[in-house]
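This report refers to the structure that appears directly beneath it.
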Ligand code: FUC
């Protein structure tokens with residue numbers, strides 16, 4: 001009945017009114033596996049909801065729950081002695097020796113992100129459930145499961161409150177006294193169960209002192225709990241309390257038993273003893289029992305309605321900042337009777353559904369709000385959702401692409417606050433990274449390598465020679481992460497942040513790079529050893545080489561960092577000497593080269609790659625997320641970057657496709673970006689790891705690496721933003737890579753660099769019909785658009801000429817300010833004022 005009234009409503013009111021409907025992922029059956037379960041979270045607490053009927057499963061996470069303890073300093077004191085030997089081997093052309101020596105400069109692997117446990121709710125039914133539906137309403141951040149059985153309709157609502165720091169589960173029956181269930185909680189870690197009075201249960205536990213990455217298979221005991229030092233393995237606690245209801249509630253060690261109720265609200269609270277990256281989580285740990293009870297007691301004083309109201313008004317503050325309409329919903333095959341998995345399936349087999357693309361975009365924003373709250377930890381490889389004790393790649397922070405990708409949509413997607421946890425992580429990594437720079441290389445500043453964890457590990461991983469230098473010994477992690485600090489400044493113009501937080505960290509990363517560079521004897525500065533994650537080259541003798549000199553990625557990242565530090569130190573009027581030094585060094589960096597195939601060369605020499613279709617495209621860093629290569633500023637290098645992408649092909653894992661969307665958008669090829677977006681959204685159920693012909697989207701809209709990795713969700717929507725709006729060069733370019741399928745649309749609330757907010761952008765037939773821009777910090781607004789515009793209102797709009805005077809838009813000069821396909825305008829803005837431009 002509900003379904004038919006929805007159909008009637010839809011046909012009466014048409015697709016436009018569909019826009020006003022809440023955005024939902026919904027399904028006609030319970031989740032059959034984790035990749036069909038639905039994620040909710042508040043940055044610290046995460047839940048995967050399976051929506052099963054008589055045995056519901058809520059898989060639980062707490063974002064600070066990791067194995068291990070603080071980083072052990074100086075794990076490989078001999079490391080620096082190998083550096084001169086490696087460099088000699090490299091300049092002698094002995095790449096094999098260089099590779100084997102580089103292995104001697106490795107340290108420990110990181111620790112793993114651990115699951116908290118499972119809540120199982122058993123309801124005894126006689127009949128078969130009917131009228132089943134479950135959904136995740138991303139407009140309200142609430143999940144609902146509903147079904148009818150034995151003549152009763154049961155509803156379960158779940159949300160995770162950020163203001164109240166609890167998971168709220170409300171179970172109800174539409175007939176009085178028909179709600180009877182048992183709830184029990186288990187953990188895959190070491191734990192003991194408890195019952196507290198008649199309405200509360202829970203467990204206390206201890207995380208492993210160490211967990212090996214899932215790809216390490218040579219240790220007899222990959223998960224270790226024993227730790228006499230009391231410095232490894234944090235404590236954790238979970239509490240589940242039933243609020244007073246009309247039924248009876250009892251507890252015992254088996255769980256919590258509710259009988260003959262009508263509505264019951266369960267509050268779940270969790271905490272760990274994690275007390276910062278440099279504190280022993282056990283003997284110096286926080287009092288997790290006090291924390292868990294504190295959250296629970298405070299929340300229990302509120303009604304369900306009050307908890308829900310506080311949760312939703314908090315969530316709406318962020319989520320509602322952006323809205324999107326693509327093609328006015330004119331081409332959706334979006335048959336409203338199709339569930340999300342069916343819609344993905346229809347889309348994967350060629351159906352058009354711009355509304356599904358919109359849902360995907362907003363789902364990505366939903367995920368960032370749910371897994372990267374300003375006061376919580378940064379989003380890891382799986383955000384905060386993981387059910388494995390030894391998760392894929394430790395579910396850690398892989399910083400040779402993945403962690404950075406998580407944060408690409410933050411600023412443009414108007415979720416700037418949600419970028420902050422990354423800055424906190426960078427601070428911690430810079431702290432251990434200072435020791436790593438000194439102990440591994442004898443250098444100043446700070447550095448980090450392939451991946452890090454909650455303890456801010458920064459050493460080259462690989463377990464003392466067992467890992468491939470290709471990824472383990474890549475020393476550019478700190479330099480790449482630092483880009484995020486400066487980008488936050490470019491978007492917000494927040495000088496206090498630049499002075500107090502960003503600049504000291506950026507400068508430390510630049511100091512390391514400045515000392516890491518060496519002359520190549522040919523007038524250039526190079527890095528050595530150097531790798532390009534994660535491809536291997538063919539040596540002249542036909543063998544494989546991993547380590548070489550001055551890879552294009554190294555040069556791109558250092559060029560980017562130096563540019564940012566030069567701009568930042570000038571903006572802050574500080575460190576003139578250091579600025580002079582790195583300005584001179586930047587001019588001598590080994591330049592980008594165009595290879596024999598017309599591509600952007602990946603290595604110092606024009607080697608062939610062992611895997612021509614490799615998923616990483618590290619050498620295009622300067623195209624995206626860097627700003628050194630662009631069609632408008634370096635047309636020849638941009639053409640070479642295009643050739644590289646053509647040669648690499650469109651295959652790859654989830655994040656690889658997502659990165660390629662961004663690359664093609666930066667090359668202003670909206671149709672190619674769109675082709676990749678469609679591939680990213682291809683429905684898959686694939687498990688395991690398939691590095692070449694894989695990627696796609698699981699039924700719950702999580703990105704398949706495979707297996708699940710959240711980076712592809714975030715990279716994908718960052719790419720969609722880049723198709724509509726780019727501001728990395730010296731202007732704000734609207735509709736920079738518009739595909740044919742998005743000829744008409746509207747977006748509200750995206751942010752551009754320079755502190756500008758796109759209050760509203762409307763376009764028709766590929767042309768901007770109206771744009772409303774609000775300035776938050778003032779300054780010149782230089783706008784690049786595909787058609788002529790006029791000012792609506794009393795402000796002077798002029799054709800742009802010369803350098804953009806706005807200090808947040810420095811950069812390489814754009815060859816021709818007015819290109820044949822775009823118009824470029826300047827208008828002066830004042831902070832807090834709004835400016836409207838309309839089609840002429
Ligand atoms: C890098 C990638 C893998 C994976 C892992 C987490 O090492 O090469 O594809 O994304 O990180």
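The values are calculated or read from the model by the stated rules, or taken from the named source; none is laboratory data. Keep in mind that this is a model prediction, so the values were computed, not measured. Here the Cβ is made from the backbone with ideal geometry for all residues, glycine too, and neighbour counts use every protein chain on show.
Residue 679 versus (1) crowded, with 24+ Cβ neighbours inside 10 Å; (2) within 20 Å of the chain's Cα centre (by Cα); (3) more than 16 Å from the ligand (Cβ to nearest atom); (4) at negative phi: which is the lone unmet condition?
Only one criterion in (1) crowded, with 24+ Cβ neighbours inside 10 Å; (2) within 20 Å of the chain's Cα centre (by Cα); (3) more than 16 Å from the ligand (Cβ to nearest atom); (4) at negative phi is unmet by residue 679, namely (1).
Report yes if residue 731 is surrounded by fewer than 23 Cβ atoms within 10 Å (Cβ to Cβ), over 19 Å from the mean Cα position of the chain (by Cα) and away from the ligand (no atom under 15 Å from the Cβ), otherwise no.
So residue 731 fails the test.
For the stretch 134-217, list the strands (runs of 3 or more DSSP E) that sit wholly inside it and hold at least 3 residues that are crowded, with 19+ Cβ neighbours inside 10 Å and touching a residue at least 40 places away in the same chain (Cβ under 8 Å); which are they?
Ranges flagged: 142-149, 152-161, 166-173, 179-186, 200-206.
Scan the stretch 263-285 and tell me whether some residue there is surrounded by fewer than 22 Cβ atoms within 10 Å (Cβ to Cβ), free of Cβ contacts under 8 Å to residues at least 60 places away in the same chain and more than 30 Å from the chain's Cα centre (by Cα).
Yes - at least one qualifying residue is present in the stretch 263-285.
Just checking, does the stretch 633-642 include any residue being more than 16 Å from the ligand (Cβ to nearest atom) and under 22 Å from the mean Cα position of the chain (by Cα)?
Within the stretch 633-642, not a single residue is more than 16 Å from the ligand (Cβ to nearest atom) and under 22 Å from the mean Cα position of the chain (by Cα).
Can you list residue pairs whose Cβ atoms sit under 6 Å apart, with the first residue in the stretch 695-720 being more than 18 Å from residue 396 (Cβ to Cβ) and the second being in a loop (DSSP other than H, G, I, E, B) and away from the ligand (no atom under 15 Å from the Cβ)? Count only pairs 6 or more apart in sequence or on different chains.
696/682; 696/684; 697/681; 704/684; 704/698
Output the number of residues of the stretch 646-680 satisfying the condition of being part of a helix (DSSP H, G or I) and closer than 17 Å to residue 716 by Cα.
24
Grab the helices (runs of 4 or more DSSP H) fully contained in the stretch 351-440, keeping just those with 1 or more residues being within 16 Å of the ligand (Cβ to nearest atom).
Hits in the stretch 351-440: 402-406, 408-412.
Given the structure, is residue 824 assigned to a loop (DSSP other than H, G, I, E, B) and either in contact with a helix residue (DSSP H, G or I) (Cβ under 7 Å, 6 or more places away or on another chain) or in contact (Cβ under 8 Å) with a residue 24 or more places away in the chain (or both)?
Answer is no for this residue.
So which residues in the stretch 781-798 are surrounded by fewer than 19 Cβ atoms within 10 Å (Cβ to Cβ) and modelled with pLDDT of 95 or more, if there are any at all?
Matches in the stretch 781-798: 786, 787, 788, 790, 791, 792, 795, 796, 797, 798.
Pick out the one residue from 57, 16 that is surrounded by fewer than 21 Cβ atoms within 10 Å (Cβ to Cβ) and modelled with pLDDT under 95.
16
Condition test on residue 596, is it part of a loop (DSSP other than H, G, I, E, B), touching a residue at least 24 places away in the same chain (Cβ under 8 Å) and more than 16 Å from the ligand (Cβ to nearest atom)?
No: the conditions fail for residue 596.
When you go through 687, 760 one by one, which is the residue that is surrounded by fewer than 23 Cβ atoms within 10 Å (Cβ to Cβ) and farther than 27 Å from residue 632 by Cβ?
On inspection, the qualifying residue turns out to be 687.
If residue 747 satisfies all but one of (1) touching a residue at least 24 places away in the same chain (Cβ under 8 Å); (2) closer than 17 Å to residue 722 by Cα; (3) over 25 Å from the mean Cα position of the chain (by Cα), what's the number of the condition it fails?
Evaluating residue 747 over (1) touching a residue at least 24 places away in the same chain (Cβ under 8 Å); (2) closer than 17 Å to residue 722 by Cα; (3) over 25 Å from the mean Cα position of the chain (by Cα) leaves (3) as the failure.
Tell me which residues, restricted to the stretch 309-340, are crowded, with 20+ Cβ neighbours inside 10 Å, modelled with pLDDT of 95 or more and not in a strand (DSSP E or B).
Passing the criteria: 311, 315, 318, 319, 322, 340.
Checking residue 666 against (1) within 16 Å of the ligand (Cβ to nearest atom); (2) surrounded by 24 or more Cβ atoms within 10 Å (Cβ to Cβ), which test does it fail?
Among (1) within 16 Å of the ligand (Cβ to nearest atom); (2) surrounded by 24 or more Cβ atoms within 10 Å (Cβ to Cβ), the lone unmet condition for residue 666 is (1).
Filter the stretch 441-453 for residues that are away from the ligand (no atom under 16 Å from the Cβ) and buried (at least 23 other Cβ atoms within 10 Å of the Cβ) and give the result.
The answer is 446, 447.
Residue 31 - would you say it is modelled with pLDDT of 95 or more, in a loop (DSSP other than H, G, I, E, B) and within 29 Å of residue 316 (Cβ to Cβ)?
Yes: the conditions hold for residue 31.
Confirm whether residue 302 is over 28 Å from the mean Cα position of the chain (by Cα), farther than 30 Å from residue 455 by Cα and assigned to a strand (DSSP E or B).
Answer is no for this residue.
Looking only at the stretch 550-571, decide whether some residue is surrounded by fewer than 24 Cβ atoms within 10 Å (Cβ to Cβ) and assigned to a loop (DSSP other than H, G, I, E, B).
Taking every residue of the stretch 550-571 in turn, none turns out to be surrounded by fewer than 24 Cβ atoms within 10 Å (Cβ to Cβ) and assigned to a loop (DSSP other than H, G, I, E, B).
Hey, could you check the stretch 602-615 for residues that are surrounded by fewer than 20 Cβ atoms within 10 Å (Cβ to Cβ) and part of a loop (DSSP other than H, G, I, E, B) and say which is nearest to the ligand (Cβ to nearest atom)?
Looking at the filtered set, the residue picked out is 611.
Please go through (1) more than 23 Å from residue 190 (Cβ to Cβ); (2) crowded, with 16+ Cβ neighbours inside 10 Å for residue 130 and return the number of the only condition it doesn't satisfy.
The one condition residue 130 does not meet is (2).
Given the conditions (1) touching a helix residue (DSSP H, G or I) at 6+ places or on another chain (Cβ under 8 Å); (2) under 18 Å from residue 93 (Cβ atoms); (3) modelled with pLDDT of 95 or more, which single one is not true for residue 538?
Going through the list (1) touching a helix residue (DSSP H, G or I) at 6+ places or on another chain (Cβ under 8 Å); (2) under 18 Å from residue 93 (Cβ atoms); (3) modelled with pLDDT of 95 or more, residue 538 breaks only (1).
Between a residue in the stretch 605-622 that is over 17 Å from residue 658 (Cβ atoms) and without any contact (Cβ under 8 Å) to a residue 40 or more places away in the chain and any residue that is within 12 Å of the ligand (Cβ to nearest atom) and assigned to a helix (DSSP H, G or I), which pairs come within a Cβ distance under 6 Å, given they are 6 or more apart or on different chains?
Taking only residues 6 or more apart or on different chains, not a single pair turns up.
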